[in-house]
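Presented below is the structure to which this report refers.
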């Protein structure tokens, strides 16, 4: 039988793990970040290309890219005056695709949204 101290220690460790998992999943909680991930999922893109593809403002895209970069989900490289981003964490992209497939499965098959979600989910 485990002692109360062991149970407390394990509970504390689990709490830390769960807090890290929640923080990781919180990256998926913002539509703009999902749009950015969709844009760079298969190809590296410059910030200006991401801005153009998402329709978001430069400052908004930069803010979200910074969060994704700090979390280790994307990587970046500089080339002259341009900064390029790409998905650095394929597991994160797979989680995102899995969720998109799940949501698409709940949407009527004839709707354009379902086709777009499934296309994103297949994007490698």
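Brief remarks follow.
- Length added when fully stretched, residue 43-residue 107, from 0.36 nm per residue minus Cα-Cα: 20.3 nm
- Proxy reagent accessibility, fewest Cβ within 10 Å first, across 63, 80: 80, 63
- With neighbour counts taken as other beta-carbon atoms within 10 Å, the residues 100, 41 rank, fewest first, as 41, 100.
- Summarising the label geometry, the points placed 7 Å from Cα in the beta-carbon direction at residue 98 and residue 122 lie 2.1 nm from one another.
- Exposure proxy order (Cβ contacts within 10 Å, fewest to most) of 18, 84: 18, 84
- For segment 29-88: rounded, prolate or oblate by the Cα gyration tensor [a/c cutoff 1.5]: rounded
No value in this document is a laboratory result; all are computed from the given coordinates. As the structure is a prediction and not an experimental result, all values here were calculated from the model. As a convention, Cβ positions derive from the backbone with ideal geometry for all residues, glycine included, and neighbour counts pool all protein chains shown.
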